[in-house]
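The values are calculated or read from the model by the stated rules, or taken from the named source; none is laboratory data. Source: prediction; values computed, not measured. Backbone-built Cβ (ideal geometry, glycine too); neighbour counts: all protein chains shown.
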Amino acid sequence: MSEPLSLVMAQVDDVPGELLGEFIRRAEELGARNVQAVASVTKKGRPGYLLYVDVPAALETELGLLLGAELGCWGYRVLAAEHRHFDIERLRMTLVLTLEGTELRWPLRAKTIASGARVLRIKAEHDDLAAICAHLREQGRALPLAVLKAAVETRLRGGMDGGELHVRL
């Protein structure tokens, strides 16, 4: 069973993007599982943000102190929420990409998102796909990330051959 989480909501205004970015980095270092900054308009037409932070309940006070010190928050709210989690399976495989008649191989991670036996979505790991595209660009072969992602995720729905995923572009 996972540890209890608190959903913290805070309203901030008069905060430049650089400070917000630093807060997000530090909140993640603290242990925040997810940080969302939603742009808003506050009183007198000022730009602002609504911050939503999933943090382990044991770290809520520490996160509050960070909100006050770094962003000048006067306080924060802890929202009552229940998280419904889907079944996540992490996969590791070798991507065998046939491109312009050449077979290339890379390690690739993916996740399946399911509800019981029903697979809702299969997602290839963005960082792995981006690294493959960067490597191909260095070799003078342009392959858009969106094209690779679509091809890989479509093929993943059809299943793998052992620990290999074969994609031809």
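Only residues that are closer than 15 Å to Thr61 by Cα and not small (Gly, Ala, Ser) were counted in segment 1-22, giving 5.
Total residues in segment 54-68 satisfying the condition of being touching a Leu at 6+ places or on another chain (Cβ under 7 Å), assigned to a helix (DSSP H, G or I) and either among the acidic types (Asp, Glu) or more than 30 Å from Arg26 (Cβ to Cβ) (or both): the figure is 1. Can you tell which of Glu138, Glu103, Glu125 is surrounded by 11 or more Cβ atoms within 10 Å (Cβ to Cβ) and not basic (Lys, Arg)? Sole residue among the options that is surrounded by 11 or more Cβ atoms within 10 Å (Cβ to Cβ) and not basic (Lys, Arg): Glu125. The listed residues are Gly64, Gly116, and the only one of them that is modelled with pLDDT under 95 and not hydrophobic (A, V, I, L, M, F, W, C) turns out to be Gly116. Number of residues in segment 41-53 that are over 15 Å from Leu19 (Cα atoms) and modelled with pLDDT under 95: the value is 6. Looking across Val152, Val147, one residue alone is in the same structural domain as Gly101 (by TED's automatic domain parsing) and either loosely packed, with under 11 Cβ neighbours inside 10 Å or closer than 16 Å to Arg109 by Cα (or both). It is Val152. Considering segment 41-80, and only residues there that are among the hydroxyl-bearing types (Ser, Thr, Tyr), under 11 Å from Gln11 (Cβ atoms) and more than 22 Å from the chain's Cα centre (by Cα), the residue that is surrounded by the fewest Cβ atoms within 10 Å (Cβ to Cβ) turns out to be Thr42.
A residue that is in a loop (DSSP other than H, G, I, E, B), closer than 29 Å to Leu145 by Cα and either β-branched (Val, Ile, Thr) or not assigned by TED's automatic domain parsing to the domain that holds Arg121 (or both) occurs somewhere in segment 11-34. The single condition among (1) closer than 27 Å to Ser6 by Cα; (2) not assigned by TED's automatic domain parsing to the domain that holds Gln11 that Leu71 does not meet is (2). Of the residues making up segment 122-169, just one is under 23 Å from the mean Cα position of the chain (by Cα) and modelled with pLDDT under 90, namely Arg157.
Residues checked against (1) among the aromatic types (Phe, Trp, Tyr); (2) in contact with a strand residue (DSSP E or B) (Cβ under 7 Å, 6 or more places away or on another chain):
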{"position": "Gly17", "(1), (2)": "no, no"}
{"position": "Gly21", "(1), (2)": "no, no"}
{"position": "Glu29", "(1), (2)": "no, no"}
{"position": "Arg77", "(1), (2)": "no, yes"}
{"position": "Phe86", "(1), (2)": "yes, yes"}
{"position": "Thr94", "(1), (2)": "no, yes"}
{"position": "Thr98", "(1), (2)": "no, yes"}
{"position": "Thr102", "(1), (2)": "no, no"}
{"position": "Arg109", "(1), (2)": "no, yes"}
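So for segment 107-117 (the condition being loosely packed, with under 13 Cβ neighbours inside 10 Å and without any contact (Cβ under 8 Å) to a residue 12 or more places away in the chain), does at least one residue qualify? Yes, segment 107-117 has at least one match.
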